[in-house]
Amino acid sequence: MDEIVKAAIAKWPNVPHCYGWLGLDARGNWYLRDDNAQAAGAFCNPLKGVDPVQKLASKGSLLEHEKLISFIQRNYECEDAGSLKGQWFFQNGPQRVYVELEATPFIWRIGSAPDFEVSSHTGQTVRAQRCVVDEHGRLYLETELGFGLVHSLDMLNAADALESGLWVPQDLLTRDLPQRFGYVRSPQALQSA
């Protein structure tokens, strides 16, 4: 966490948390979700039965400002205790902005053979500890940093890693992943419940 953020927390310790305003999609892109986007529906709408125009509207605005994205990614963390455990957030100065996840807290990029280097959407290099495949054929990795989905553009490299025996996938259902790996896809939905 940035030192300036730590100083802001110390100076203003009681700033209310923010829910629903920031989303991370299945490709590691950040979205700002204003009132209109939130009114259009949940960020992580299931694909089945959702109008594509509504789904796009509910995502919000794609963040493209590199310095803002870098700031978010440096200050992206997970609640590790209490009733908020497993909820990911961006610490924006004194305010904690909880993140809506389309898929998982991390999106992994996979390098080519022979190293198959794994890095997160936040730019950190990690080591895969466990490999999971769901009923839709999506590939996930658990690392020392956390749990995440392999980016769809890197599936060829991931397939090569699997064929080489580097990773042995375990079959799990998508609906079981958040509880099994300790993350919350929609902190906003928990607040509404």
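Could you tell me the extents of the chain's C-alpha atoms along the three principal axes, largest first, rounded to whole Å?
Largest first, the chain extends 51, 42, 33 Å along its Cα principal axes.
Rounded to the nearest 20 debye, what is the charge dipole size of the chain about its Cα centre when +1 sits on each Lys and Arg Cβ and -1 on each Asp and Glu Cβ? Before the final figure, lay out the partial values.
Values: 18 positive and 24 negative charges, 100 e Å.
Taking the Cα centre of the chain as origin, the dipole is about 480 debye.
Which Cα, out of 9, 122, 111, lies furthest along the positive dipole direction of the chain (beta carbon charges, K/R +1, D/E -1)?
The residue sitting most towards the positive pole is 9.
So, R0 is 25 Å and r is the distance between the beta-carbons of residue 191 and residue 125; what FRET efficiency does that work out to, to 0.05?
My answer for the efficiency is 0.15.
In debye to the nearest 20, how big a dipole does region 106-173 give about its Cα centre with +1 on each Lys and Arg Cβ and -1 on each Asp and Glu Cβ?
Roughly 140 debye for region 106-173.
Counting only GluC sites (Glu not before Pro) that sit in a DSSP loop (anything but H, G, I, E, B) with at most 11 other Cβ atoms within 10 Å, what is the longest stretch of the chain containing none of them?
Value returned for the longest uninterrupted segment is 65-134.
Taking N as the number of residues in region 106-173, what is its alpha-carbon radius of gyration divided by 2.2 N^0.38 Å?
Details: Rg = 10.6 Å, N = 68, 2.2 N^0.38 = 10.9 Å.
Ratio of Cα Rg to 2.2 N^0.38 Å: 0.97.
How many percent of Cα pairs in region 140-186 exceed 18 Å? The partial results should precede the final answer.
Values: 395 of 1081 pairs.
That fraction is 37 percent.
Can you check what the net charge comes to around residue 133, using other residues whose Cβ is under 14 Å from the Cβ of residue 133 (Lys, Arg +1; Asp, Glu -1)?
Around residue 133, the charge tally is -3.
Compute the label zone of residue 83 within region 179-193: residues whose backbone N is under 16 Å from the point 7 Å along Cα-to-Cβ.
187-193, by backbone N distance to the label point.
Please give the net charge around residue 94, taking every other residue with its beta carbon less than 13 angstrom from that of residue 94, where Lys and Arg add +1 and Asp and Glu add -1. Spell out each step's value before the answer.
Working: positive: 6, 11, 96; negative: 2.
Net local charge, residue 94 excluded: +2.
So, in Å, what gap is there between the alpha-carbon centers of region 63-85 and region 122-145?
19
Readers should treat all values here as calculations from the given coordinates under stated rules, not as data from a laboratory. Since the model is a prediction, treat every value here as computed from it, not as a measurement. Glycine also receives a Cβ, built like all others from the backbone with ideal geometry; neighbour counts cover every protein chain displayed.
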